[in-house]
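**Student:** Below: one structure in structure tokens.
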Amino acid sequence: VSDAAAPLTVRGAVLDGVTVGLRCEDGRIAALGPEVEPLPGDETIEAAAAPLVAPLLNGHTHAAMTLFRGSGGDLPLLPWLQEKVWPVEKRLDAEDVYWGTRLACAEMIRSGTTRFWDMYWFPQEVARAVEDAGLRATVGAPLFDADGDAEGLRESARTSLEQLEGCGPAIRPSLAPHSIYTVSEDSLRWVGELSRERRAPVHIHLSETEREVEDCLRDHGMRPAFYLDRLGLLGKQTLLAHGVWLDRAELELIAERGGTVVANPVANMKLAVGGVLPYPAAREAGVAVGLGTDGAGSNDSLDLLADLKAFALAQKQAAGDAGAIAGDEAWAIAAGGRAPLLGAGEPLKVGAAADFLLLDPRAPELAIGELTSNLVYAASGAVVDTTVVAGRVLMRGGRLPGLEEIVERAVERARRLGLT
Ligand SMILES: [Zn+2]
């Protein structure tokens, strides 16, 4: 990671229709407004009327699974995991995860995501890749004890938490029990206790398939959200990825406990889980909602802007109502603005973290009509021109330094694993 960035001033950007300057110092926005000009010694960006917007937040992914891209074989969830993923993951090493994550970070920087929630093996390598890339992430080791090894799970949870707690401010440690069907009841309860003791958020897949719900009813006599709650695992620090099959009572319970649900519409559609997170009901219940891509093994893209369109369309289609979600509401969800747990920065203002995007002022998709609507329905991540995190320019003019090496090294790792 490079040293603290020199002060940066952006001139001539357009924020909410007004031409402004933005000055960053020590990772924060020091000045913002029509009169702002660079001071001597500032790094300066001439934005040439580029729209200035807050960055996107990917609420659920397995970043290093870029290595698995294109090898899914059009299978449903469980056979895909059992046949294509888990056998290969047994052979993963630290360098595989580092370069797979670097590739994911490169894709996220290029498409405007600056913060993400990750669940993957070798989490200390994930953290190293995130720090080297200049992004921010909440990182956790996936916890499993389907093989009966509860002691192994505890060891992995404690060790990874300790390693991650030693990282810099860009990394937030978390506990990531994989799901209620791969982690035992006792271990889930233990994870809840550790989470409270260490103040670490819990990141878990929940209610992704109908079978998961049926099995939970059969084995525990209740639906998944109630089961988690009984184990002390549903609270303000809980992120539930998917939530496709949550019913109204579960949504009300999650809202009451202050939990967050992250929709992953594209991964859900690709694996044909048969539904979408019932967003209008979640909104009505008052559930905090975010948006994720899931891993590139199941999506296969990490372009959250593309998934934002899919999210809005799936909601409209499922509800039979074009007004099921408004464009600016969808945009707020993708920026993390409807789920405080996810950790999005404050809106762009003096004192907020200097994390922002400049969009390509020449992008035809943005030339006519309302910007937010165009971002949701017309644009892809390709409209992102410049990505800045903590006042550091990670990409300028659509060019990401070091991209060639990152792609090369990731391809080498995928080849080593027999994935390409
Ligand atoms: Zn996932």
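Where a number appears in this text, it was derived from the coordinates with a stated rule and is not lab data. If you're wondering where the values come from, they're calculated on a predicted model, not measured in any experiment. In this analysis, Cβ positions are derived from the backbone assuming ideal geometry, glycine residues included, and neighbour counts consider all displayed protein chains.
**Student:** Could you tell me which trypsin sites (Lys or Arg not before Pro) in region 315-416 are loop residues by DSSP with no more than 11 other beta carbons within 10 angstrom of their beta carbon?
**Tutor:** Hits after loop and neighbour filter: 349.
**Student:** Under a crude label model (7 Å from the Cα following the beta-carbon direction), how far is residue 256 from residue 165 in nanometres?
**Tutor:** 3.3 nm
**Student:** So what's the angle, to the nearest 10 degrees on a 0 to 90 scale, between helix 248-257 and the longest Cα principal axis of the chain?
**Tutor:** 70 degrees
**Student:** Give the calculated FRET efficiency between residue 211 and residue 147 to the nearest 0.05, with a Förster radius of 22 Å applied to their Cβ-Cβ distance.
**Tutor:** After rounding, the FRET efficiency stands at 0.60.
**Student:** Additional query: What number comes out for the charge environment of residue 111, summing +1 per Lys or Arg and -1 per Asp or Glu over other residues with Cβ under 11 Å away?
**Tutor:** Within the 11 Å Cβ shell, the charges total -2.
**Student:** Between residue 46 and residue 370, what is the label-to-label distance in nm when each label sits 7 Å out along the Cα-to-Cβ direction?
**Tutor:** In this crude label model, residue 46 to residue 370 measures out at 3.4 nm.
**Student:** Let me ask something additional. With an 8 Å Cα cut-off and a minimum separation of 6 or more residues, compute the relative contact order for region 62-205 in percent.
**Tutor:** Taking the mean separation of contacting Cα pairs over the length of region 62-205, I get 20 percent.
**Student:** Using only alpha carbon pairs under 8 Å that are at least six residues apart, calculate the relative contact order of the chain and give it in whole percent.
**Tutor:** 20 percent
**Student:** Determine, for 44, 159, 66, the number of other Cβ atoms within 10 Å of each Cβ, and report the residues in order from fewest to most.
**Tutor:** Listed from fewest to most nearby Cβ atoms, that is 159, 44, 66.
**Student:** If I build a Gaussian network model for the chain, linking alpha-carbon pairs within less than 10 angstrom, which residue out of 282, 47, 146 has the largest mean-square fluctuation?
**Tutor:** For the chain, modelled as a Gaussian network with Cα springs under 10 Å, the answer is 146.
**Student:** Could you tally the net charge around residue 325, taking each other residue with its Cβ under 15 Å from the Cβ of residue 325, Lys/Arg +1 and Asp/Glu -1?
**Tutor:** Taking every Cβ under 15 Å from that of residue 325, the sum is -1.
**Student:** Filter 90/270; 84/309; 316/349; 90/309 down to the pairs with a C-alpha to C-alpha distance above 31 Å, please.
**Tutor:** From the list (90/270; 84/309; 316/349; 90/309), the Cα-Cα distance tops 31 Å for 316/349; 90/309.
**Student:** Here is a follow-up. Give me the net charge of residue 373's neighbourhood, meaning all other residues with Cβ under 13 Å from the Cβ of residue 373; Lys, Arg count +1, Asp, Glu -1.
**Tutor:** -3
**Student:** Work the Kirkwood hydrodynamic radius out for region 30-71: mean of 1/r over every pair of different alpha-carbon atoms, inverted, in Å.
**Tutor:** 14.9 Å
**Student:** Can you tell me the length gained on complete extension of the stretch residue 83 to residue 326, counting 0.36 nm per residue apart and subtracting the Cα distance?
**Tutor:** Fully extending the segment from residue 83 to residue 326 adds 83.5 nm.
**Student:** What is the helix-to-structure angle for 210-220, meaning the angle in degrees between its Cα long axis and the longest Cα principal axis of the chain, kept from 0 to 90 and rounded to the nearest 10?
**Tutor:** Compared with the principal axis, the helix lies near 50 degrees.
**Student:** Here's a follow-up. Taking the Cβ of each residue in 356, 122 as the centre, tally the other Cβ atoms inside 10 Å and list the residues starting with the fewest.
**Tutor:** 122, 356
**Student:** Among 178, 242, which comes first, second and so on when ranked by fewest other beta-carbon atoms within 10 Å?
**Tutor:** Lowest count first: 178, 242.
**Student:** While we're looking at this one, here's another question. Which order do peptides 35-42, 8-15 fall in by mean Cβ count within 10 Å, highest first?
**Tutor:** 8-15, 35-42
**Student:** How long is the gain from residue 411 to residue 319 if the chain were fully straight, where each residue apart is worth 0.36 nm and the alpha carbon distance is subtracted?
**Tutor:** Contour length minus the Cα-Cα distance gives 29.0 nm.
**Student:** To continue, here is another question. If r is the Cβ-Cβ distance from residue 186 to residue 222 and R0 is 25 Å, what FRET efficiency results, to the nearest 0.05?
**Tutor:** 0.90
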